[in-house]
Amino acid sequence: MTDPATTPSPPAGLLVIGESTFTKRVEAIRPTGSPSWLLMWTTRGRGAVHHGDTALTTSAGRLVLIEPGVRHTYGVAPDAAEWSLLWAHFRAPQGNWLGTSRHLTPAASGAAEAIDAAFDRLRRYARLTGDHIPPSPVHLPAFATRPEQQALAMCALEEIVRLADLAGAPAAPPGPDPRIARVQQLIADTPEAPHTLNSLAATAGLSPSHFSHLYARATGHSPMREVRTRRLHRAARLLTGTGMSVAAVAGTVGYVDQFHFSRAFRREFGLPPSSYRHNGEVSGWD
């Protein structure tokens with residue numbers, strides 16, 4: 001397996017289906033997430049999955065769904081020797097059938113068997129080829145590239161998620177409502193903008209007090225803390241990836257006072273910006 005510190009993801013829009021058995025405590029680390037959705041269905045053993053601020057253990061018959069851009073790691077659970085799973089990387093669907101479910105345990109009679117059958121169809125669809133072209137070996141990931149393959153595969157993926165969503169309840173709290181998600185996306189896209197609590201609340205269409213309450217309940221932290229963290233992690237990438245001066249980096253990520261920037265940066269990373277440039281490694285948010 002690839003060094004987990006540099007675990008690659010399929011390009012956005014590429015539909016890939018595979019089957020894996022893991023034996024390491026950490027098999028993959030994606031500090032900035034994947035550009036596509038990731039669906040994992042455990043068939044044997046136990047796995048440990050961290051995505052965003054959620055940590056969970058998954059076992060046979062449990063489904064984990066990770067949305068694009070969410071930092072995540074996964075590997076074998078500490079109390080297990082291996083973890084076998086079926087998985088799929090796929091683009092965002094046209095409909096809204098993904099909902100907010102991220103960790104589902106089908107409970108209705110026959111639901112797990114139906115999901116197994118749907119995964120079998122999903123893998124067959126991904127291996128459909130033209131005349132006289134042999135399909136990829138079953139032990140290798142399959143890439144659904146033709147429109148017909150992708151359409152059939154998306155039908156099977158929707159069936160899997162709906163079966164799990166219908167049969168069981170999420171084991172983890174649901175994701176933020178669309179108003180909170182809209183603000184999170186705005187912060188992620190433009191952390192350098194002069195965001196305030198009032199401006200972010202206006203984006204959500206809520207009063208500042210109600211917005212703060214909903215945001216903290218959904219994410220576990222305040223909106224302005226997310227602005228600060230996003231800014232600092234973007235600054236860290238600029239420091240290690242460009243030749244910009246510390247003052248220029250501070251201004252680029254939205255700090256008008258270099259001293260204030262340096263103090264906040266040291267609190268976040270344990271090093272001043274100039275030292276981090278030579279020694280630091282970014283993890284977590286962009």
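The values are calculated or read from the model by the stated rules, or taken from the named source; none is laboratory data. Predicted model, so just to flag it, every value in this text is computed and none were measured. For neighbour counting, all protein chains shown are included, and Cβ atoms are generated from backbone atoms with ideal geometry for every residue, glycine included. When the accessible area is computed, the model is the full protein with side chains, heavy atoms only, and any ligands, DNA or RNA have been set aside. Shrake-Rupley method; radii C 1.70, N 1.55, O 1.52, S 1.80 Å.
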Problem set entry | Spin-label model distance (nm) - HIS213 vs SER274, 7 Å beyond Cα toward Cβ | 4.8
For this session: Please work out whether region 16-96 counts as rounded, prolate or oblate from its C-alpha gyration tensor, where a ≥ b ≥ c are the square roots of the eigenvalues and a/c under 1.5 means rounded, while otherwise a/b larger than b/c means prolate and anything else oblate?
Result: prolate
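Between THR190 and ALA114, what is the FRET efficiency for a Förster distance of 45 Å, r being their Cβ-Cβ separation, to the nearest 0.05?
That gives a FRET efficiency of 0.55.
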Exercise. What length, rounded to one decimal in nm, is gained on full extension from ARG44 through to THR21, with 0.36 nm per residue of separation minus their alpha-carbon distance?
Worked result: 7.4 nm
Problem set entry | Residue (of MET224, GLY243, GLY254) at the positive-pole extreme of region 221-267, dipole from beta-carbon charges | MET224
Exercise. If you keep only loop residues by DSSP, which trypsin sites (Lys or Arg not before Pro) in region 16-85 have at most 16 other Cβ atoms within 10 Å of their Cβ?
Worked result: LYS24, ARG25
Exercise. How big, in percent, is the set of alpha carbon pairs in region 180-286 lying more than 23 Å apart?
Worked result: 30
Exercise. Top to bottom by accessible area (1.4 Å), largest first, where do ASP53, ASP177 land?
Worked result: ASP53, ASP177
